[in-house]
Amino acid sequence: MAQWTAKADPTKDFFIDMITRDIGLDECIFDLLDNSIDGASRHSQQQNRPDLAGYFADILLTETEFEIKDNCGGMSLLDAREYAFHFGRRSDAPKDAENSIGLYGIGMKRAIFKIGKKIVIKSATSAAPHEAFQVDIDVAEWAASPEWEFQLEQIDPEDFVGTEISVKELRKATASEFSDQIFVSKLRKDVGKYYSFFLQHGFEIKINGIPVKQHVYGVREGEDIAPYTHEYTDSEAGVKVRIISGVAGTPPEDSGDPSTLSKDTESWGWYIICNDRVVLAGDKTEKTIWGDDFPSWHPQYNGFVGLVFFSSEKPGELPWTTTKRQIDETLPVFRRATSFMKDATRKYLDYTNTRKTNLDKAKSVESSAAIRPIAEIKISSDRPVLMKLPVFDDAPKIKMGTVSYQQPVSVLSKVAQSLGNSQMSYKQIGQKTFEYYVENEVGE
Amino acid sequence: MASFEAINYSLRPNKCVERKIIFETLVGLSSSFDFSKYQYLGMGSMWFVDFVLAHKSLGIEELVSFELAEYSPRAVFNRPYKNIKVFPGPVSEGIEETDWAKPTIIWLDYDCGPDNPAVFEDSATVAAKISSGSILMVTANAHLGRIPNKDTEDNPLNRHEGLALLLGDAAPSAEEFKHINQKNYHNVLATCLTRHIERAHRRSGRGGKFISFLNYYYKDNAPMITVGGMFVNEDSEAKLRQNRCFLNSEYIGPALYPIQVPPLTHRERISLDALLPSTEKLNEEEVFKRLGFKLDQSQLDDYSKFYKLYPSYGEVVL
């Protein structure tokens, strides 16, 4: 028999600190948005609505307060008492909305604790308006009390159906980020990217009163260029998988010129989407397919975009982790998808090599193929449809030589300006100045 | 515009007025802050006009001018005082070698715009290192033509895209500034630069904040903006907020203060001076009646506003 006992109960302070430590502010807001969207999906199913039109989430962030307000059906009293305020999802939690994106039952608490210290949550449903409730949390008080409880007060919802969370007395770091317009506009941009497919289905999100614009993912489709498409059901996991990849931008002319490569590369790479939520964006690492037995990402591949959609009624089968912003790349359902993703990439990588020697032609073919939104790309075949890329006839053999030399950057930028494009790549500067010399000083 | 209304660029009267305003303001603040113990860092070029003011009117003893290595011997030759050190090299290196524990007044006086990444990068580095009670001013070119209209692959860019290419996250959003044009670009750029400075300071984890209050806009030829202010902790913020000049000066505020002085001959100037100060506005017709020449009402207004700061130029035969 044990002689002594060591008490291992966590203090609430420790607990709050732990759950809020490894999450970013933008992720907090995403967690709360995920809840709203879950609610909207559940509600629209109950009401047999075709999409998410009419549902909204309004987010307000300022130096002094945070608020998210939605009309996504609200929380029932039972759900609130048994699940929403419980830390960690109980194993007997009911089946969630079809294709739900929420899963772990910790998002809301973690998010609000991270944001501030005085929290008010109100929720009301249309089915049971008399069960509308409000929870007031003073984090300091709650942390000081021994009970792991939240008090739910009954309220009169009037006509309100939905959930409203407001946080005051923001944490210091939160307040200063929220007061920063750069943070706010970046958030708006990121929400447009990560929630693109919900916005597509009619869901509306406003941040500080301004509607978030959907970032429309697309790939070029035309006579000589068409995307890779493949759709299948992963029978073991029961997960539907859809893969689309293709040319979205213009590959760089000169990937050896660092000055032209550092900017605006975040759009390229692989995107992983679970139940319409973009989980991983523009990946260029071994998390997806790059490196190891496949070529590592190289700036030469700029312009490539690939999207994999995983969807399932059981969110637990999808390859994501608790934060929903990271994939669990070890899951078999994901491993199995990577072999197709590699097929969906390889041809493009080769193309970036061949296009170098046929640059003018490649450019004209590329620009003649318009970028088509992903939602408009139909997948008709059961089998993978390979990517279509321009094929170049071998040009008549002309013996070529390479000219390469260095010049001071300050001179190069002056030349670029006088050529009419201050951002011109060094390679182009060389090309253009050479052409100019040939034209003016050298006879045919 | 008639050619005599164009400004002799080498004289830059508006720039001169701005400099006077800034140093007049700093002198006003010096009743609460002992600037004589500060260091002054700037880009004195071959003329060191601001260094002379920093030394003479603020009593600063430690002065460093950043000058490209190539020109630094000439700058050393031209420095008006021997306590001005010339740092030979790019500003970014000068910033690395500076002792930031010492309170500082730094004026990054660029003539380029955000097309030169140094403008935003150097401002952010300074903001991340500077100590409280210090002052940062950044001058940059706000000419629309400096926004790239093509990317590296020659694809056309609109102004938002062009600025995004240069500034990344610091670029203005289309939600906030629907259009970027001649009319608002100086404000757009000033807003972006100020936010960039605030953000860099906040993220440096040094505590305190940036109070932006030295903000000017003028056009000698190219439109130029200056944004600036003080990095404060609680103590220095309290001192600043009680300072009489800070509370009362019309040259202090978060919005760009427009500086515009009309080009006048010496004779015109002294005649107008003789009518000033006046409780009544100088009036176009009144001036014509009394002096026999015409100036636009707007020019008269501008002159009345800045007559005390108006520079006078003359040739000296040595």
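Would it be correct to say that residue A:200 is away from chain B (no Cβ under 14 Å) and either out of contact with any helix residue (DSSP H, G or I) (no Cβ under 7 Å at 6 or more places or on another chain) or farther than 30 Å from residue A:381 by Cβ (or both)?
Numbers: away from chain B (no Cβ under 14 Å): yes; either out of contact with any helix residue (DSSP H, G or I) (no Cβ under 7 Å at 6 or more places or on another chain) or farther than 30 Å from residue A:381 by Cβ (or both): no.
No.
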query = Quick one: is residue B:183 in a helix (DSSP H, G or I) and surrounded by fewer than 23 Cβ atoms within 10 Å (Cβ to Cβ)?
reply = no
Condition broken by residue B:146, with the remaining ones in (1) at the interface with chain A (Cβ under 10 Å from one of its Cβ atoms); (2) over 25 Å from residue A:180 (Cα atoms); (3) out of contact with any Asp or Glu (no Cβ under 6 Å at 6 or more places or on another chain); (4) surrounded by 17 or more Cβ atoms within 10 Å (Cβ to Cβ) satisfied = (3)
Selection count, the stretch A:400-423, where residues are assigned to a loop (DSSP other than H, G, I, E, B), among the hydrophobic types (A, V, I, L, M, F, W, C) and in contact with a helix residue (DSSP H, G or I) (Cβ under 8 Å, 6 or more places away or on another chain) = 2
ask   = So, in the stretch B:106-133, of the ones that are small (Gly, Ala, Ser) and in contact with a helix residue (DSSP H, G or I) (Cβ under 9 Å, 6 or more places away or on another chain), which residue ends up surrounded by the most Cβ atoms within 10 Å (Cβ to Cβ)?
value = B:123
query = Which residues, counting only those in the stretch A:219-244, are assigned to a loop (DSSP other than H, G, I, E, B) and either in contact (Cβ under 8 Å) with a residue 12 or more places away in the chain or surrounded by 20 or more Cβ atoms within 10 Å (Cβ to Cβ) (or both)?
reply = A:222, A:223, A:224, A:225, A:227, A:236, A:237, A:238
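Which of the residues belonging to the stretch A:2-52 are of a type in the set (Phe, Trp, Tyr) and modelled with pLDDT of 90 or more? Explain how you work it out, then say what you get.
Residues of the stretch A:2-52 of a type in the set (Phe, Trp, Tyr): A:4, A:14-15, A:30.
The one that is of a type in the set (Phe, Trp, Tyr) and modelled with pLDDT of 90 or more: A:30.
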query = Could we say that residue A:365 is in a loop (DSSP other than H, G, I, E, B) and of a type in the set (A, V, I, L, M, F, W, C) here?
reply = no
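Can you say whether residue B:1 is at pLDDT below 95, surrounded by fewer than 18 Cβ atoms within 10 Å (Cβ to Cβ) and over 19 Å from the mean Cα position of the chain (by Cα), as far as the supplied structure shows? So that I can check it myself, show each step before the final result.
Details: at pLDDT below 95: yes; surrounded by fewer than 18 Cβ atoms within 10 Å (Cβ to Cβ): yes; over 19 Å from the mean Cα position of the chain (by Cα): yes.
Spelling it out, residue B:1 is indeed at pLDDT below 95, surrounded by fewer than 18 Cβ atoms within 10 Å (Cβ to Cβ) and over 19 Å from the mean Cα position of the chain (by Cα).
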inquiry  = Restricting to the stretch A:351-376, name every residue that is in contact (Cβ under 8 Å) with a residue 24 or more places away in the chain, surrounded by fewer than 17 Cβ atoms within 10 Å (Cβ to Cβ) and over 17 Å from residue A:250 (Cβ atoms).
reply    = A:373, A:375
message = Which count do you get for residues in the stretch A:170-181 that are more than 8 Å from chain B (Cβ to nearest Cβ) and assigned to a loop (DSSP other than H, G, I, E, B)?
response = 2
note = Condition set in contact (Cβ under 8 Å) with a residue 40 or more places away in the chain and not in a helix (DSSP H, G or I), scope the stretch B:278-310, selection surrounded by the most Cβ atoms within 10 Å (Cβ to Cβ): answer is B:310
note = Scanning the stretch B:140-187 for residues that are free of Cβ contacts under 8 Å to residues at least 40 places away in the same chain, at negative phi and among the small types (Gly, Ala, Ser) gives B:145, B:162, B:164, B:171, B:173, B:174
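For the stretch A:4-55, how many residues meet the condition of being of a type in the set (Phe, Trp, Tyr), open to solvent by less than 80 Å² (accessible area, probe 1.4 Å) and either in contact with a Phe, Trp or Tyr (Cβ under 7 Å, 6 or more places away or on another chain) or not in a helix (DSSP H, G or I) (or both)?
Of all residues in the stretch A:4-55, those of a type in the set (Phe, Trp, Tyr) come to A:4, A:14-15, A:30, A:55.
Filter once more, so that each one left must be open to solvent by less than 80 Å² (accessible area, probe 1.4 Å): A:15, A:30, A:55.
Going one step further and asking which of them are either in contact with a Phe, Trp or Tyr (Cβ under 7 Å, 6 or more places away or on another chain) or not in a helix (DSSP H, G or I) (or both), we end up with A:30, A:55.
So the count comes out to 2.
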inquiry  = I'd like the full set of residues that are under 19 Å from residue B:148 (Cβ atoms), open to solvent by 50 Å² or more (accessible area, probe 1.4 Å) and not basic (Lys, Arg), limited to the stretch A:387-430.
reply    = A:409, A:410, A:411, A:413, A:417, A:418, A:419, A:426
remark   = If you go through A:161, A:167, A:139, the only one that is away from every other protein chain (no Cβ under 14 Å), over 25 Å from residue A:325 (Cβ atoms) and crowded, with 17+ Cβ neighbours inside 10 Å is A:161
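Considering only the stretch B:59-71, I want to know if a residue exists there that is of a type outside the set (Asp, Glu), touching a helix residue (DSSP H, G or I) at 6+ places or on another chain (Cβ under 6 Å) and under 27 Å from residue B:146 (Cβ atoms). Walk me through it before giving the result.
Keep residues of the stretch B:59-71 that are of a type outside the set (Asp, Glu), which gives B:59-60, B:63-66, B:68-69, B:71.
Narrowing further to those that are touching a helix residue (DSSP H, G or I) at 6+ places or on another chain (Cβ under 6 Å): B:59-60, B:63, B:66.
Then keep just the ones that are under 27 Å from residue B:146 (Cβ atoms); that gives B:66.
Yes, that holds for at least one residue.
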key: Selected residue (only one of A:191, A:216, A:184 is surrounded by fewer than 22 Cβ atoms within 10 Å (Cβ to Cβ), touching a residue at least 24 places away in the same chain (Cβ under 8 Å), among the β-branched types (Val, Ile, Thr) and not in a loop (DSSP other than H, G, I, E, B))   = A:184
ask   = Say we look at the stretch B:217-237 and pick out the residues that are under 20 Å from the mean Cα position of the chain (by Cα) and open to solvent by 60 Å² or more (accessible area, probe 1.4 Å); which of these is modelled with the highest pLDDT?
value = B:219
inquiry  = Can you say whether residue B:275 is of a type in the set (A, V, I, L, M, F, W, C) and either in contact with a strand residue (DSSP E or B) (Cβ under 9 Å, 6 or more places away or on another chain) or not in a helix (DSSP H, G or I) (or both), as far as the supplied structure shows?
reply    = yes
note = Residue set B:196, B:186; condition within 25 Å of the chain's Cα centre (by Cα), of a type outside the set (S, T, N, Q) and within 11 Å of chain A (Cβ to nearest Cβ); output residue B:196
ask   = Among A:347, A:397, which is part of a loop (DSSP other than H, G, I, E, B) and either of a type in the set (Val, Ile, Thr) or away from chain B (no Cβ under 14 Å) (or both)?
value = A:397
From the options A:178, A:160, A:150, A:197, residue that is under 30 Å from residue B:189 (Cα atoms) and aromatic (Phe, Trp, Tyr) = A:178
inquiry  = When you check residue B:206 against the structure, is it open to solvent by 10 Å² or more (accessible area, probe 1.4 Å), more than 19 Å from residue A:181 (Cα to Cα) and within 14 Å of chain A (Cβ to nearest Cβ), yes or no?
reply    = yes
ask   = Is it the case that residue B:240 is closer than 22 Å to residue B:23 by Cα, away from chain A (no Cβ under 14 Å), open to solvent by 40 Å² or more (accessible area, probe 1.4 Å) and part of a helix (DSSP H, G or I)?
value = no
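The values are calculated or read from the model by the stated rules, or taken from the named source; none is laboratory data. For clarity, every value in this text was computed on a predicted model and none was experimentally measured. Neighbour counts run over all protein chains shown; Cβ positions are idealised from the backbone, glycine included. Just the protein is used for accessible areas: all its heavy atoms, side chains included, with ligands, DNA and RNA removed. Shrake-Rupley method; radii C 1.70, N 1.55, O 1.52, S 1.80 Å.
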